[in-house]
1. For region 387-415, name all the residues that are open to solvent by 70 Å² or more (accessible area, probe 1.4 Å), outside any helix (DSSP H, G or I) and farther than 19 Å from residue 354 by Cα.
2. Of the residues 192, 220, which single one is at pLDDT below 75 and within 30 Å of residue 53 (Cα to Cα)?
3. Residue 364: part of a loop (DSSP other than H, G, I, E, B) and either open to solvent by 10 Å² or more (accessible area, probe 1.4 Å) or within 14 Å of residue 466 (Cα to Cα) (or both), yes or no?
4. Being open to solvent by less than 10 Å² (accessible area, probe 1.4 Å) and at pLDDT 75 or above is the filter here, so list the residues in region 96-115 that pass it.
5. In region 376-397, is there at least one residue being more than 28 Å from the chain's Cα centre (by Cα) and free of Cβ contacts under 8 Å to residues at least 60 places away in the same chain?
6. Within region 75-107, work out how many residues are in contact with a Leu (Cβ under 8 Å, 6 or more places away or on another chain), in a helix (DSSP H, G or I) and either in contact (Cβ under 8 Å) with a residue 60 or more places away in the chain or not aromatic (Phe, Trp, Tyr) (or both).
7. Condition check: open to solvent by 20 Å² or more (accessible area, probe 1.4 Å), free of Cβ contacts under 8 Å to residues at least 60 places away in the same chain and closer than 16 Å to residue 455 by Cα. Does residue 418 satisfy that?
8. Test of understanding: among 151, 177, 147, 118, which residue is within 23 Å of residue 51 (Cα to Cα), surrounded by fewer than 16 Cβ atoms within 10 Å (Cβ to Cβ) and charged (D, E, K, R)?
Amino acid sequence: MRKQLNNTQRSISVWQLRAGYALVLFILVFGSVASFFLIQRSAHNAEKAQTKTTERLAKTNELLRSRTSVSNEFREFLITGNQTRLARRNEVLAEFDAIITELIRDEPASENKEKLIKLKEISEKSIIIANKAIRLKQRGASTETIKNYFKRRVVPAYRELDEHLSAVRISQVNDSKKADRVTHASVTRLKVWTIMLSTCALLLSSWIAWIFSERQIRAVKKLDDTILKLQKTEAELQKRNSELVAAVHSRDEMVGVISHELKNPLSALQLSTTLMQRLLPKDQSLDSIRQQMERIKPSIYRMNQLISDLLDVTRLEAKSLKLAPRVCDLVEIAQEVVKAHEAVAQDKLVQLHSDVPPECRNVFCDPDRTAQILNNLVNNALKFTNSGGSVSISAKKSNQQVEIRVIDTGKGIPKENLPHVFDRFWQEKETAHKGTGLGLSIAKGLVEAQGGKLWVESQPGYGTTFYFTIPMAEGLRAVASFQS
């Protein structure tokens, strides 16, 4: 054993010496490469800063041109009353405002930004004054009235605007010169630091080479202790993982049992409510009781739906969900789903329709579960689609499968939330009150249980599309593919 440890010690000693020389070589190479890249980066930053400055100056020059064009078109309109001139003036004015807004957004917090903000305020003030002159012209005011207003109000406003615009341009030119000086100084400092870094790398490499050449290897006991600790930690982690898996399994079993036990009392409550409604005499004094019973029904329905969802989740988790696949009509299933949600869609002023082509009609699936998938997806789409939007069900052939799509024009799903869409009980914070967060998870489990795949694509502001596939009914080959 001691001989083996000595051999291990010698091998580790040789390895450490080799590692030391490799580290020396790495530091030398790293110092050279770092020096090269630092110089390249400084040049790139200088070019980037110069480009930004040039772009800002170009935009300021564009402001000057737009300002001149606005003034010319405005004067022509006041003289001739040509509406084309007025429309052109408004277009150029919109471009002028857009350029100022872009400059304010791109400009870092500085005195120049404050000048741009002040320029925007003066521009808006001059627009108000000019618009009053336009209204005078449109109302048929006399030429003398318009001329006096122009000299008294418009000319001073435009003069103030031109002064601030010139001040902004001069400030940007000065900033450009200052940026050039700062960039040049930064490049010079960076070159000095690069030389110092290379020198330090050389000295450090020499020192490490001397250390690794002189020192002997330490005992391997510390390594053995570390291995033992790691093994012990791994055993503890495995034990905790087993406990967590058992706890999750117990939780799912408990949810399944409780959900199953709650179904019977709820069914009895639903039946009793219906019977009481039927047995109540038709007396206006009992209308309040009937109303209370009508309010109970939706709550019973929601609780039944929640219990069914919980049971489906536990069955999918335990892989004990029973399916009854057969050849069925996808067009009928889609139409039934649309019919079931028509009232909600009409109430929200949302267009709801299905467009399943005849070649996708015959599919091999469990019709009830496929309807449940579509119900969950359509319900989710309606929930997040505003008035005036649309929700549609469509399909197309894809090899031996049918690809079904549920498309909405809602607000869309942020990119960072897409990986969590199918997680159980997960909902966006602002929509957490709209459901339980089980519908999409159940839909995914039902699709995969039938040999298909469910995925989502979304663009915020433009809507969301859910896709899922099911096998086509093309003889025994489709049946065999589904069973496999």
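The values are calculated or read from the model by the stated rules, or taken from the named source; none is laboratory data. The model shown is predicted, which means the values in this text are computed figures rather than measured ones. Here the Cβ is made from the backbone with ideal geometry for all residues, glycine too, and neighbour counts use every protein chain on show. Surface areas here come from the heavy atoms of the whole protein model, side chains and all, with no ligands, DNA or RNA. Shrake-Rupley method; radii C 1.70, N 1.55, O 1.52, S 1.80 Å.
1. Those that are open to solvent by 70 Å² or more (accessible area, probe 1.4 Å), outside any helix (DSSP H, G or I) and farther than 19 Å from residue 354 by Cα: 399, 400, 411.
2. Numbers: 220 fails: within 30 Å of residue 53 (Cα to Cα).
Result of the check over 192, 220: 192.
3. Details: part of a loop (DSSP other than H, G, I, E, B): no; either open to solvent by 10 Å² or more (accessible area, probe 1.4 Å) or within 14 Å of residue 466 (Cα to Cα) (or both): yes.
Answer is no for this residue.
4. Within region 96-115, 96, 100, 103 qualify.
5. So in region 376-397, the residues more than 28 Å from the chain's Cα centre (by Cα) come out as 397.
Then drop every residue that is not free of Cβ contacts under 8 Å to residues at least 60 places away in the same chain, which leaves none.
No, there is no match, as no residue in region 376-397 is more than 28 Å from the chain's Cα centre (by Cα) and free of Cβ contacts under 8 Å to residues at least 60 places away in the same chain.
6. Taking region 75-107 and keeping what is in contact with a Leu (Cβ under 8 Å, 6 or more places away or on another chain), we get 77, 96, 99-100, 103-104, 107.
Of the ones still in play, those that are also in a helix (DSSP H, G or I) are 77, 96, 99-100, 103-104.
Still in the list and also either in contact (Cβ under 8 Å) with a residue 60 or more places away in the chain or not aromatic (Phe, Trp, Tyr) (or both): 77, 99-100, 103-104.
Looking only at that region, the number is 5.
7. It is true that residue 418 is open to solvent by 20 Å² or more (accessible area, probe 1.4 Å), free of Cβ contacts under 8 Å to residues at least 60 places away in the same chain and closer than 16 Å to residue 455 by Cα.
8. On the way: 151 fails: within 23 Å of residue 51 (Cα to Cα); 147 fails: within 23 Å of residue 51 (Cα to Cα); 118 fails: within 23 Å of residue 51 (Cα to Cα).
Going through 151, 177, 147, 118 in turn, just one is within 23 Å of residue 51 (Cα to Cα), surrounded by fewer than 16 Cβ atoms within 10 Å (Cβ to Cβ) and charged (D, E, K, R): 177.
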